[in-house]
Amino acid sequence: MPDQTLRPTIHVPGTTSHTIAPRNGHREGRLRYLKAGTGAPLVLLHTVRTQAEHFRHLVPLVADRYTVYALDLPGMGYSEIVPGASYDEPAMRAGVERLLTELDLDDVTLLGESMGAVLALTTAADLPDRVRRVFAVNAYDFAGGIARSGLLARAVVTGVLAPGVGPVIAGVEPKAVMRRILRGGLGDKSALREDYLDELLQVGKRPGYATVARGVYRNLPSLIAARSRYPEIKAPIHLVYGEKDWSRPADRQADKDLLPDAGYTLVPGAGHFIALERPDILAALLNAGD
């Protein structure tokens, strides 16, 4: 069962909170998602170490056109933490696919950022009859990732992955350290609001969350391996990158080479967390139609 003692400290205007029950006979936990708006379904998939509220500024900008579903990926946000669960790419993708299949969503637009971008792409490969198009924002499918945020981020990730002390380090998130790491993914540092940082830190105190965080970091190579699925995708794709994203030009070109027909937008001045910095640009792309 999810931790019932904690409630989100942020309310995204117009949203209601819902859950998807575990499947009988499967070791899968309950998934939580936010829902808003009317229209064709738009599924939003968040970044490493965040949650559905990552899209707090984007949802109100697109709810007039879409029925929005912002998912807490397995074990993250307020989705259930299942002891012994895997956090590799296929396991997280299975959570996304549960949302689409159990809610019987069709004609779906997927928008994912960072890790969520990879999951949006691989879900589209798996469910071509349900997915209409994909927006992949700063796809986290290259070596290094958050460690490129700066020396502090590199040290923390290295510590989290270390044998013995890793679980201890993963369970300790000083606010100043978390703030500095996340700001390393922003061109506009002021886009990291203190109330959102406090919300992330609250979630990080959930029993078992340190194991989730460590599991996600340990399985980041599976996101790189998932790139092999990209050529299978039949839906139209639009790649979006922040000018100051952690990805390098060669990383971006590698995805463009795999997806030669994809649209491409480079957001000037933005970093890794475009949904925080420039939700208006993402909204404009989504609201522009096909």
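Restricting attention to the range 245-267, and to residues there that are in a helix (DSSP H, G or I), open to solvent by 20 Å² or more (accessible area, probe 1.4 Å) and among the acidic types (Asp, Glu), which single residue is nearest to ARG133 (Cα to Cα)? If we take residues in the range 245-267 being in a helix (DSSP H, G or I), open to solvent by 20 Å² or more (accessible area, probe 1.4 Å) and among the acidic types (Asp, Glu), then ASP257 is nearest to ARG133 (Cα to Cα). Can you pull out the residues in the range 223-244 that are assigned to a helix (DSSP H, G or I), buried (at least 18 other Cβ atoms within 10 Å of the Cβ) and either of a type outside the set (A, V, I, L, M) or free of Cβ contacts under 8 Å to residues at least 40 places away in the same chain (or both)? Across the range 223-244, the qualifying residues are ARG227, ARG229, TYR230. Identification of helices (runs of 4 or more DSSP H) wholly contained in the range 59-149 with 1 or more residues that are open to solvent by 30 Å² or more (accessible area, probe 1.4 Å) and of a type in the set (A, V, I, L, M, F, W, C) yields 59-62, 89-102.
The values are calculated or read from the model by the stated rules, or taken from the named source; none is laboratory data. If you're wondering where the values come from, they're calculated on a predicted model, not measured in any experiment. Neighbour counts run over all protein chains shown; Cβ positions are idealised from the backbone, glycine included. Accessible surface areas use protein heavy atoms only, side chains included; no ligands, DNA or RNA. Shrake-Rupley method; radii C 1.70, N 1.55, O 1.52, S 1.80 Å.
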